[in-house]
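Here's the structure we're looking at; comments come further down.
The values are calculated or read from the model by the stated rules, or taken from the named source; none is laboratory data. The model shown is predicted, which means the values in this text are computed figures rather than measured ones. A quick note on method: Cβ atoms are made from the backbone with ideal geometry, for glycine too, and the neighbour counts reach across all protein chains shown.
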Amino acid sequence: MLYEVKNIYKKVNNKRVGVTVPGSKSLTARAMLVAALSDGESTLSGAQFSDDCKTFLNCLKDLGIECSADGATVKIAGCGGRLKAKSARINVGSAGTAARFLPTFLAFQDGEYFLDCSAQMKSRPITPLISTLKNLGAAFTFHENENSYPFTIKGTSEPEPYAEVDITKSSQFLSALLISAVCTHERMTVKAIGSHSLSYVDMTVRMMRDFGAEVTAKDGVYTVKGNYSARKYNIEPDVSAACYFYAINRILGTDISVDGVSRDSLQGDIKFIKLLKNFNGGIIDMGGFSDQTLTLAAIAPYFDNPTEICGVEHIRRQECDRLRAISYNLAAMGVKCEERADGVKIYPSQPKPALIKTFGDHRVAMSFALTGLRADGIVIENAEVCSKTFKEYFEVLDSLCAELTR
């Protein structure tokens with residue numbers, strides 16, 4: 001699907017508009033797994049049902065977890081950390097969170113399970129996590145490439161009580177281990193090796209505590225004990241999705257608000273919304289909120305000063321090489337951009353008409369739509385890829401533009 005962005009710069013008549021976004025993908029995935037490991041039935045309200053979250057829920061069902069969904073409400077009957085199913089086959093698709101969280105959960109189960117994924121997911125890093133799971137006592141059989149999907153995992157009911165995991169490539173490795181550590185029903189210690197932003201880990205720990213687990217953290221060493229108790233849990237709106245609309249405020253001078261977004265949010269991307277208030281170019285380390293690298297890059301041509309983004313080398317190994325996607329598309333629009341190993345430098349410029357190549361990445365599609373709100377002739381190819389996290393994004397954007405210009 002091609003999406004032609006409407007240039008509404010200097011056509012805004014109604015600056016103050018409210019927008020609703022789906023629930024947080026990161027919180028939804030974590031809450032579904034924590035609920036699945038709990039004792040009793042949990043009710044999750046405000047859940048996101050993007051492609052990734054649907055995949056996660058289907059995987060839980062395939063593992064024998066009783067789940068039901070009604071709109072944005074999910075009910076999950078937890079297994080208390082022990083699966084009844086001793087064998088199962090699941091496919092995590094392109095859902096990165098499921099691809100890291102579910103094999104970790106299965107490593108603590110007394111059974112043998114086959115896991116597959118999409119072609120795209122096979123190229124994303126998972127070796128450090130697999131190495132840690134092997135050291136804990138899980139055994140793997142790889143069906144294509146070593147330390148890569150697809151594989152069969154044989155779990156252990158008596159894992160080692162101590163683990164170390166390298167989080168340089170993804171903090172999800174640490175979150176995965178922490179969430180499933182309760183399956184041991186003993187005290188477990190996990191040490192993080194390497195350097196990575198811990199904002200999503202902090203989110204994980206806060207949710208674990210909300211469900212009753214005891215978690216301590218000091219100097220990169222985490223101790224987990226106790227178990228999860230079923231509860232009713234409200235999931236925050238997705239701040240990552242909300243960021244697109246706050247970015248519009250920055251380049252159009254609007255006053256768009258997103259329902260339910262609080263500056264006290266659990267989600268790390270709230271830092272981006274705070275940054276936008278005064279940012280007009282400069283050097284910014286986005287390692288702590290790297291999902292917004294594309295968003296900032298898409299609006300950077302409209303700042304008064306060059307924007308130099310650093311600390312995000314790891315986004316080269318996400319749905320696509322996101323730094324390459326930035327430099328490719330900005331060049332297509334005639335915007336000067338210097339690609340670096342861990343970031344980009346973008347110079348102020350008026351973008352020219354261009355076809356935006358999404359590289360199959362939802363964030364590329366959604367971010368560069370923002371550029372077109374202030375430039376003529378910006379067309380997004382394969383716009384439907386937004387369904388990974390925000391299926392109705394372009395419909396919401398159309399409605400917003402109509403409301404702003406009425």
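Evaluation of residue 175 against the conditions (1) part of a loop (DSSP other than H, G, I, E, B); (2) surrounded by 15 or more Cβ atoms within 10 Å (Cβ to Cβ) shows that the sole unmet condition is (1). Looking at residue 406, is it within 26 Å of the chain's Cα centre (by Cα) and either under 19 Å from residue 94 (Cα atoms) or modelled with pLDDT under 95 (or both)? Against the criterion (within 26 Å of the chain's Cα centre (by Cα) and either under 19 Å from residue 94 (Cα atoms) or modelled with pLDDT under 95 (or both)), residue 406 does not qualify.
If I filter the stretch 230-237 for residues that are surrounded by fewer than 16 Cβ atoms within 10 Å (Cβ to Cβ) and either part of a strand (DSSP E or B) or not assigned by TED's automatic domain parsing to the domain that holds residue 342 (or both), do I get at least one hit? Taking every residue of the stretch 230-237 in turn, at least one turns out to be surrounded by fewer than 16 Cβ atoms within 10 Å (Cβ to Cβ) and either part of a strand (DSSP E or B) or not assigned by TED's automatic domain parsing to the domain that holds residue 342 (or both). Of all residues in the stretch 195-207, one or more are in contact (Cβ under 8 Å) with a residue 60 or more places away in the chain and part of a loop (DSSP other than H, G, I, E, B).
A quick yes/no check of all residues on (1) at pLDDT below 95; (2) buried (at least 17 other Cβ atoms within 10 Å of the Cβ); (3) under 25 Å from residue 278 (Cβ atoms):
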| residue | (1), (2), (3) |
| --- | --- |
| 299 | no, yes, yes |
| 307 | no, yes, yes |
| 314 | yes, yes, no |
| 330 | no, yes, yes |
| 340 | no, no, yes |
| 363 | no, yes, yes |
| 370 | no, yes, yes |
| 376 | no, no, no |
| 395 | no, no, no |
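Among the residues making up the stretch 260-270, those that are surrounded by fewer than 21 Cβ atoms within 10 Å (Cβ to Cβ) and either of a type in the set (Gly, Ala, Ser) or closer than 17 Å to residue 25 by Cβ (or both) are 260, 262, 265. If only residues of the stretch 209-225 that are under 16 Å from residue 173 (Cβ atoms) and not hydroxyl-bearing (Ser, Thr, Tyr) are counted, the one that is surrounded by the fewest Cβ atoms within 10 Å (Cβ to Cβ) is 221. Could you list all residues from the stretch 238-251 that are buried (at least 22 other Cβ atoms within 10 Å of the Cβ) and either of a type in the set (Gly, Ala, Ser) or more than 24 Å from the chain's Cα centre (by Cα) (or both)? The answer is 240, 241, 242, 247. Once the stretch 134-172 is narrowed to residues that are in a loop (DSSP other than H, G, I, E, B) and among the hydrophobic types (A, V, I, L, M, F, W, C), the residue that is farthest from residue 111 (Cα to Cα) is 167. Apart from one condition, residue 177 fits all of (1) touching a Lys or Arg at 6+ places or on another chain (Cβ under 9 Å); (2) within 30 Å of residue 342 (Cα to Cα); the exception is (1). Taking only the stretch 358-381 into account, find how many residues are out of contact with any strand residue (DSSP E or B) (no Cβ under 9 Å at 6 or more places or on another chain), more than 19 Å from residue 400 (Cα to Cα) and in a loop (DSSP other than H, G, I, E, B). Here the count works out to 3. Criterion applied to 256, 284, 315, 346 was being within 25 Å of residue 47 (Cα to Cα) and either of a type in the set (A, V, I, L, M, F, W, C) or assigned by TED's automatic domain parsing to the domain that holds residue 394 (or both), and the one residue passing it is 256. Looking at 149, 162, just one residue is in the same structural domain as residue 91 (by TED's automatic domain parsing), within 20 Å of residue 214 (Cβ to Cβ), modelled with pLDDT of 95 or more and aromatic (Phe, Trp, Tyr), and that residue is 162. Give the stretch 316-354 a look and list any residue that's of a type in the set (Gly, Ala, Ser) and either over 21 Å from residue 7 (Cβ atoms) or not in a loop (DSSP other than H, G, I, E, B) (or both), or say none. Correct list: 325, 327, 331, 332, 341, 343, 354. Every listed requirement among (1) out of contact with any helix residue (DSSP H, G or I) (no Cβ under 8 Å at 6 or more places or on another chain); (2) closer than 24 Å to residue 321 by Cβ is met by residue 92 save one, (1). Cβ-Cβ distances below 6 Å connect the following pairs, each with a first residue in the stretch 211-226 that is assigned by TED's automatic domain parsing to the domain that holds residue 183, a second residue that is hydroxyl-bearing (Ser, Thr, Tyr) and loosely packed, with under 13 Cβ neighbours inside 10 Å, and a separation of six or more residues or different chains: 223/216.
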